[in-house]
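Visitor: Please read through the structure below; I'll follow up with questions.
All of the numbers you see were taken from the coordinates with simple rules; none came from a lab. These figures come from a predicted structure and were not determined experimentally. Every residue, glycine as well, gets a Cβ built from its backbone with ideal geometry; the counts of neighbours run over all protein chains shown.
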């Protein structure tokens, strides 16, 4: 009798803009190089997710759970994993929850353990700390960019982690890295801390070694106030917009994408709306480019250049900003139109969803551990 095939479930959490997608892409490449079959599950409150398109364009097998977080759509998470195994069962599932979500140990990991114990092995649950907002929030700065209720979510994410990953060390000097490490140690003493640049791969071996460990992980069930959690999530305006951009003459796609992010950053600064994350992707005939912004204090970045000129392209914009979603939609449409006009191009807005996330209502929640 052959042994039952088990799937290694690797979930990587962290706040909006922490670098989860880049980390999962690097992990997927690592496991594929080892000869393993890998599936990725992304997650968002709405459709048209930049992360899903980015990972698919990199050649990965990706399923998406849209319309609610993993915890509130647990059954779809499990059916998406099952669909990824239609042709060949995955050896590893990499799961990326919504960046404004927490309480994932009680609502995702523990239910998998109890309801699907024979099918899954749970890897250490890693949460990525976003340096820009993380430092301000853990240092209790007066102007951390978000209200205490939104900051509550970031703190709770760290509390349930088996290990905390300080990302973007390529953008930090040694003093800044030590300050972040000290703040995390004070807030979560005894929890392993790793330092990584998901972009360059520096420190990546330590992460893969950690995730290869076997043990009883996902046991840090939170004591959490769902009223505060819900109000913190609702502070964010959430927007996903898909646009077809057309022009008579070719224009540089990367310049358009970066211009959208730069103009939107400037617009949001005028109304003092803190950015949790902005992402835009351009897709056309097998190539793509991505530009993003992870906070108001950071510079916009062309994170994945296309190096292509185009006349027609599909553009997706994702914005997570502490402001009214109707105002956010108005600013995004204005900015995209201006950026296109600068390239003598015309935007056709095909679908735009803008809203505040609703109250989390988990499918399952276990407040004890097995």
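Visitor: Taking the Cα-to-Cβ direction at residue 249 and at residue 187 and moving 7 Å from each Cα, how far apart do the two end points lie in nm?
Guide: Between residue 249 and residue 187, the label points sit 5.0 nm apart.
Visitor: Continuing with this model, one more query. Compute the angle between helix 148-159 and the longest alpha-carbon principal axis of the chain, please, reported from 0 to 90 degrees and rounded to the nearest 10.
Guide: Orientation of helix 148-159: about 40 degrees from the principal axis.
Visitor: Give me the number: length gained by fully extending residue 142 to residue 308, i.e. 0.36 nm times residue separation minus the C-alpha to C-alpha distance, one decimal in nm.
Guide: Full extension of this stretch gives 55.4 nm more.
Visitor: To check you understand DSSP bridge types, tell me what percent of the beta bridges within the chain (both residues inside) are antiparallel, rounded to 5.
Guide: Among the beta bridges of the chain, antiparallel pairing accounts for roughly 60 percent.
Visitor: Please find, in a Gaussian network model of the chain (springs between Cα atoms separated by less than 10 Å), the residue of 325, 148, 131 whose mean-square fluctuation is greatest.
Guide: Taking springs between Cα atoms under 10 Å, the residue moving most is 148.
Visitor: Next up: Calculate the translational D of region 236-355 in whole µm² s⁻¹ from Stokes-Einstein, where the hydrodynamic radius comes from the Kirkwood formula applied to all Cα pairs, the temperature is 10 °C and the viscosity 1.306 mPa s.
Guide: 114 µm²/s
Visitor: Simple spin-label model, 7 Å along Cα-to-Cβ: residue 266 to residue 356 in nm?
Guide: Roughly 3.0 nm, to one decimal.
Visitor: How big is the Kirkwood radius of region 165-238, worked out from every pair of different alpha carbons and given in Å to one decimal?
Guide: When all Cα pairs of region 165-238 are included, the Kirkwood radius is 15.1 Å.
Visitor: Just how many % of Cα pairs in region 91-237 lie over 28 Å apart, if you round to the nearest whole percent?
Guide: 20 percent
Visitor: Relative to the longest principal Cα axis of the chain, at what angle does helix 74-84 sit, 0 to 90 degrees, rounded to 10?
Guide: The helix 74-84 is inclined about 80 degrees to the chain.
Visitor: So for the pair residue 342, residue 88, with labels modelled 7 Å out along Cα→Cβ, what separation do we get in nm?
Guide: Each label point lies 7 Å from its Cα, and together they span 4.4 nm.
Visitor: Output the relative contact order of the chain, whole-number percent, from Cα pairs under 8 angstrom with separation of 6+ residues.
Guide: RCO, the chain: 21 percent.
Visitor: In Å³ and rounded to a whole number, note down the convex hull volume per residue for the Cα atoms of region 230-306.
Guide: 113 Å³
Visitor: For the chain, what does -39500 (n - 2.57) per DSSP helix run (n ≥ 4), summed and divided by total residues, give at 222 nm, in deg cm²/dmol to the nearest 500?
Guide: -10500 deg cm²/dmol
Visitor: Just from the alpha-carbon atoms, what are the Rg and Dmax of the chain in angstroms?
Guide: 20.0, 66
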